[in-house]
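Chemist: Pasting in a structure now, in structure tokens, and then I'll have a few things to ask.
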Amino acid sequence: MSNPSFFAKAVAAFCCLVASDSHFAVADAENRPNILFILADDLAWSDLGCYGHPWHDTPHLDRLASEGARFTQAYSPAPICSASRASILTGKTPARLQFEFVTKNEPGRQKIDFPTPMSAPPLTPNLPLEEHTIAECLKDEGYQTAFFGKWHVSSHHERYLGWSPTHGPAKQGFEFAEEDYGAHPYDWKRSPVATIKEPGSFAADSMVQRVGAFLRQDHDRPYFAMASSFYVHTPVRTPCQWLREKYDARVPATSKKRNNRIEYAAFLETFDHHVGQILDSLEASGRADRTIVIFYSDNGGHPEYTANAPLRGSKWNLYEGGIRVPMIVRWPGVVQPKTEIDRPVIGYDLLPTMVALAGGNPPKCDGESFAGSLRGDFPPTNEQHSLIWHFPYYHPENGFAKAPDSIGIDDFATSRTRPQSAIRRGQYKLLQFAEDNRVELYDLSNDIGEQNDLSTQQAALASKLQQELRQTLTRQNARFPMAK
């Protein structure tokens, strides 16, 4: 049942928006909204039904989008998980954090199985404790903070993705944190999951159950809960035989990597089921009408399992397929149902946005609050900040020798990614490749698939964007690959 008085207060809160979109005050501190942040892993921009996928069934996420705002130009801060997550948590770019790749068990340098002309910067194993995270910012505002699931911004402890005892969530502002793989295949060697043949049945997921229990319990203050799912990251395997049979009958016979795509579709529907369970727990708590739900993915889709079309590229590179991601925001009574937001936003905008929505003053960071955009107040395009990416590494580390050089649309192969950076300002996006200083320029408003390089035709614009990119990275003390 909705709470009309809360809706009135929520609307009044939005009226407190001042001239700058970076400051957003909530009028009544006693009625500050809860924030539930659901983070997917490797979910592609085009994977969901509400984003136009022709055969994936994602009813719970589609419903969430119909009840709130669907962002069409949301971006991850990096094309790889650790760097992206560190940026989301801090509101800073991976370049400024000098955390641009995936975390490792220990520091060192990349070892590539093929000669490369440059050496990448040293690997960063841990997000420094002195960084002020979203959890710490919201804790300062009186919020209870909780974390569940995949952390992956610190070196692994005892097992793959095991939380670090010195750099885990509890050391970065989360008061309540429980480590649990749930039913993800990461843990199948230790906790096997039996085959499920009954249509509509799924394996119980203990991580999702922990999230639900937290949401349903009594709270004496507003909360920020981060449900960081392991789905839909590899290994992509499902115990649901009925889902495999369902998509075997649905995925076209001519589809590339058809068996992978059948398994992935079943895996994705399982994840959607988990989101539905979390939302059901929120509803059962009686606090859904005063809780902001933010759904987001940490980077683009895996090229061997999902089609990123119409976007070029995939996870691990800076073409749109690697960094454009789905994002949905629901806030009953404030964000109008079935809203579509085209404003470009990026993961390091989330910290200032959440702090603003909580009634606080966002700290100085690289992100900008988009709180005002949730009610339709958009800054002019020329006043929106440029989006920056910096990936000074090679990928894959093992398999580079055999990986294809070209990166196209729906290649269904892990291509060679070389050190690169990118900037988007307005409708234009420029990529710069470190090995030869080559640039590519695309007009995303007319060429979302990045097929028509305009760097020669619009040389002045390309030069201007390249200069802004260099100056920004220098100002952020970015690390660069060095010639051997």
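The values are calculated or read from the model by the stated rules, or taken from the named source; none is laboratory data. Bear in mind that the values here come from a model prediction, so they are computed numbers and not experimental data. Here the Cβ positions follow ideal geometry from the backbone for every residue, glycine too, while neighbour counts run over all protein chains shown. Quick note on the areas: whole protein, heavy atoms, side chains included, nothing else; ligands and nucleic acids left out. Shrake-Rupley method; radii C 1.70, N 1.55, O 1.52, S 1.80 Å.
Chemist: Out of ARG424, ARG416, ARG438, report the one residue that is open to solvent by less than 20 Å² (accessible area, probe 1.4 Å) and of a type in the set (Lys, Arg). I'd like the intermediate steps shown before the answer.
Modeler: Working: ARG416 fails: open to solvent by less than 20 Å² (accessible area, probe 1.4 Å); ARG438 fails: open to solvent by less than 20 Å² (accessible area, probe 1.4 Å).
The conditions single out ARG424.
Chemist: Still on this structure, please answer the following. Does any residue in region 271-284 that is farther than 16 Å from GLY49 by Cβ and in a helix (DSSP H, G or I) come within less than 7 Å, Cβ to Cβ, of a residue that is open to solvent by 10 Å² or more (accessible area, probe 1.4 Å) and of a type in the set (D, E, K, R) six or more places away or on a different chain, and which pairs are these?
Modeler: If the second residue must be open to solvent by 10 Å² or more (accessible area, probe 1.4 Å) and of a type in the set (D, E, K, R), the pairs left are SER281/ARG216; ALA284/ARG216.
Chemist: Only residues that are surrounded by 24 or more Cβ atoms within 10 Å (Cβ to Cβ) and hydrophobic (A, V, I, L, M, F, W, C): list them for region 48-63, please.
Modeler: Correct list: LEU48, LEU61.
Chemist: Residue under question is ASP447, and the condition is that it be over 28 Å from ALA120 (Cα atoms), out of contact with any helix residue (DSSP H, G or I) (no Cβ under 6 Å at 6 or more places or on another chain), open to solvent by 10 Å² or more (accessible area, probe 1.4 Å) and of a type in the set (D, E, K, R); does it hold? Can you show your working first?
Modeler: Working: over 28 Å from ALA120 (Cα atoms): yes; out of contact with any helix residue (DSSP H, G or I) (no Cβ under 6 Å at 6 or more places or on another chain): yes; open to solvent by 10 Å² or more (accessible area, probe 1.4 Å): yes; of a type in the set (D, E, K, R): yes.
Here the answer is yes, as ASP447 does meet what is asked.
Chemist: Right, here's the next one. I'm checking my understanding of the structure. Among residues of region 132-145 that are over 18 Å from the mean Cα position of the chain (by Cα) and not in a helix (DSSP H, G or I), which one is surrounded by the most Cβ atoms within 10 Å (Cβ to Cβ)? Please lay out each step first, then the result.
Modeler: To start, the set of residues in region 132-145 that are over 18 Å from the mean Cα position of the chain (by Cα) comprises 132, 136-145.
Adding the requirement that they be not in a helix (DSSP H, G or I) leaves 132, 141-145.
Numbers: HIS132: 18, GLU141: 18, GLY142: 13, TYR143: 26, GLN144: 18, THR145: 23.
Going through the qualifying residues, I end up with TYR143.
Chemist: Okay, next question. Hey, among ARG475, ARG470, ARG479, which residue is closer than 18 Å to ASP366 by Cα, modelled with pLDDT of 95 or more, open to solvent by 40 Å² or more (accessible area, probe 1.4 Å) and in contact with a helix residue (DSSP H, G or I) (Cβ under 8 Å, 6 or more places away or on another chain)? Break it down stepwise before answering.
Modeler: Details: ARG475 fails: in contact with a helix residue (DSSP H, G or I) (Cβ under 8 Å, 6 or more places away or on another chain); ARG470 fails: in contact with a helix residue (DSSP H, G or I) (Cβ under 8 Å, 6 or more places away or on another chain).
Answer to the check: ARG479.
Chemist: For residues in region 172-211 being part of a loop (DSSP other than H, G, I, E, B) and of a type in the set (Asp, Glu), which is most open to solvent (accessible area, probe 1.4 Å)? Even if it seems obvious, please write down each step before you answer.
Modeler: Here is the first cut: in region 172-211, the ones part of a loop (DSSP other than H, G, I, E, B) are 172-175, 179-184, 188-195, 197-205.
Okay, now just the ones that are also of a type in the set (Asp, Glu), so 175, 179-180, 198, 205.
Numbers: GLU175: 83, GLU179: 74, ASP180: 20, GLU198: 117, ASP205: 6 Å².
Selected residue: GLU198.
Chemist: Got at least one residue in region 304-316 being within 26 Å of PHE378 (Cα to Cα), within 16 Å of the chain's Cα centre (by Cα) and outside any helix (DSSP H, G or I)?
Modeler: The answer is no, given that none of the residues of region 304-316 is within 26 Å of PHE378 (Cα to Cα), within 16 Å of the chain's Cα centre (by Cα) and outside any helix (DSSP H, G or I).
Chemist: Test ALA83 against the criterion of being buried (at least 24 other Cβ atoms within 10 Å of the Cβ) and either part of a loop (DSSP other than H, G, I, E, B) or at pLDDT 95 or above (or both), and give yes or no. Full working, then the answer.
Modeler: Details: buried (at least 24 other Cβ atoms within 10 Å of the Cβ): yes; either part of a loop (DSSP other than H, G, I, E, B) or at pLDDT 95 or above (or both): yes.
When the stated conditions are applied, ALA83 passes them.
Chemist: Based on what the data block shows, is GLY168 surrounded by 15 or more Cβ atoms within 10 Å (Cβ to Cβ), at pLDDT 95 or above, touching a strand residue (DSSP E or B) at 6+ places or on another chain (Cβ under 8 Å) and under 12 Å from SER228 (Cβ atoms)? Write out each step before concluding.
Modeler: Values: surrounded by 15 or more Cβ atoms within 10 Å (Cβ to Cβ): yes; at pLDDT 95 or above: yes; touching a strand residue (DSSP E or B) at 6+ places or on another chain (Cβ under 8 Å): yes; under 12 Å from SER228 (Cβ atoms): no.
Here the answer is no, as GLY168 does not meet what is asked.
Chemist: Does GLY149 qualify as being open to solvent by less than 10 Å² (accessible area, probe 1.4 Å), modelled with pLDDT of 95 or more and farther than 19 Å from VAL293 by Cα?
Modeler: Working: open to solvent by less than 10 Å² (accessible area, probe 1.4 Å): yes; modelled with pLDDT of 95 or more: yes; farther than 19 Å from VAL293 by Cα: no.
No; evaluated as a whole, the condition is false for this residue.
Chemist: Further question: Answer yes or no as to whether LEU123 is surrounded by fewer than 23 Cβ atoms within 10 Å (Cβ to Cβ) and under 29 Å from ASP405 (Cβ atoms).
Modeler: Working: surrounded by fewer than 23 Cβ atoms within 10 Å (Cβ to Cβ): yes; under 29 Å from ASP405 (Cβ atoms): yes.
Taking the combined requirement at face value, the residue satisfies it.
Residue by residue, here is whether (1) surrounded by 16 or more Cβ atoms within 10 Å (Cβ to Cβ); (2) over 17 Å from ALA177 (Cα atoms) holds:
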site	(1), (2)
ALA213	no, no
MET226	yes, no
TRP242	yes, yes
GLU245	no, yes
ARG250	no, yes
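Chemist: Only residues that are in a loop (DSSP other than H, G, I, E, B) and modelled with pLDDT of 95 or more: list them for region 238-255, please.
Modeler: Listed by number, the residues that qualify are PRO239, ALA249, ARG250, VAL251, PRO252, ALA253, THR254, SER255.
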